[in-house]
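Undergrad: Have a look at this one before I ask anything.
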Amino acid sequence: MLLGIVLAVIAGAFVSLQTIFNNKVNERTGSWATTTLVLGTGFLASLLCSLIFAGNNTFTLQHMQPWYWFSGMIGVGVVFCLVQGVKLLGPTYAISIVLTAQLGTALLWDSLGWLGLEKIPFTFTKLIGVLVIIGGILIFKFGNGRTKEQQESISHVPDSMKG
């Protein structure tokens with residue numbers, strides 16, 4: 001279990017780091033070029049790792065459900081939407097919303113047993129957990145009590161006079 005937690009934390013850090021990199025690439029090229037670059041380099045890296053670690057088993061694709069073949073196309077939507085979300089909302093706010101949507105969707109799919117997942121009973125404590133996270137995002141975004149104009153006017157005031 002500990003290894004799973006560590007790997008999940010590393011994955012979360014990688015998602016945030018990749019989002020920042022993607023945003024910087026997008027500033028220079030555009031969303032579709034960014035998506036192509038990200039998924040293209042990801043393909044090359046994963047192919048190389050697969051050949052090194054799995055060898056000939058890399059291309060053994062038996063007994064797969066047809067919808068699994070669409071995963072890469074979903075990745076196009078993930079990268080494109082995330083790049084646009086960061087561009088419009090900023091990295092922290094966009095990632096917070098993405099992770100909450102991911103958690104809520106996983107809760108739904110687990111509870112319904114969709115896509116071959118083992119059905120896990122839905123409980124209101126799980127729903128409350130997701131709602132608490134949404135509340136945290138709202139506090140993060142809107143909880144400072146100052147409008148954008150007030151924040152800008154404060155930034156022009158000497159530090160000794162700020163309240």
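The values are calculated or read from the model by the stated rules, or taken from the named source; none is laboratory data. Every value quoted in this text rests on a predicted model; they were computed, and no experiment measured them. Note that each Cβ is placed from the backbone with ideal geometry, even for glycine, and that neighbours are counted across all protein chains shown. The protein model used for the area step is the full one, side chains on, heavy atoms only, and it has no ligands, DNA or RNA in it. Shrake-Rupley method; radii C 1.70, N 1.55, O 1.52, S 1.80 Å.
Undergrad: Report, to the nearest 10°, how far helix 2-28 tilts away from the longest principal axis of the Cα atoms in the chain, using its own Cα long axis and a range of 0 to 90°.
TA: Tilt relative to the chain: about 70 degrees.
Undergrad: Rounded to the nearest 10 Å², what accessible area does residue 76 have for a 1.4 Å probe in the complete protein model?
TA: 50
Undergrad: Give me a comma-separated list of calculated 3J(HN,Hα) values for region 96-103, in order, Karplus coefficients 6.51, -1.76, 1.60 applied at θ = phi - 60°, integers in Hz, x for any Gly or Pro.
TA: 4, 5, 4, 5, 5, 5, 5, 5
Undergrad: Roll a 1.4 angstrom probe over the protein heavy atoms and tell me the percent of accessible area of region 90-144 that is carbon or sulfur.
TA: 75
Undergrad: Also: When each pair of different Cα atoms in region 90-144 is counted once in the 1/r mean, what is the Kirkwood radius in angstroms, to one decimal?
TA: One over the average 1/r among Cα pairs gives 12.1 Å for region 90-144.
Undergrad: Lys and Arg at +1, Asp and Glu at -1: add these up for the other residues within a Cβ distance under 11 Å of residue 103 and post the number.
TA: Here the count lands on 0.
Undergrad: Mind pulling the angle between the C-alpha long axis of helix 31-53 and the longest principal axis of the chain? Nearest 10 degrees, somewhere in 0 to 90.
TA: So the inclination is approximately 40 degrees.
Undergrad: Taking the Cα atoms only, what angle lies between the long axis of helix 124-142 and the longest principal axis of the chain, rounded to 10 degrees?
TA: 40
Undergrad: Per residue of region 104-121, in order, report the coupling 6.51 cos²θ - 1.76 cosθ + 1.60 (Karplus, θ = phi - 60°) as ³J(HN,Hα) in whole Hz, putting x for Gly and Pro.
TA: Result, ordered by residue: x, 5, 5, 4, 4, 5, 4, 5, 8, x, 6, 6, x, 6, 5, 6, 10, x Hz.
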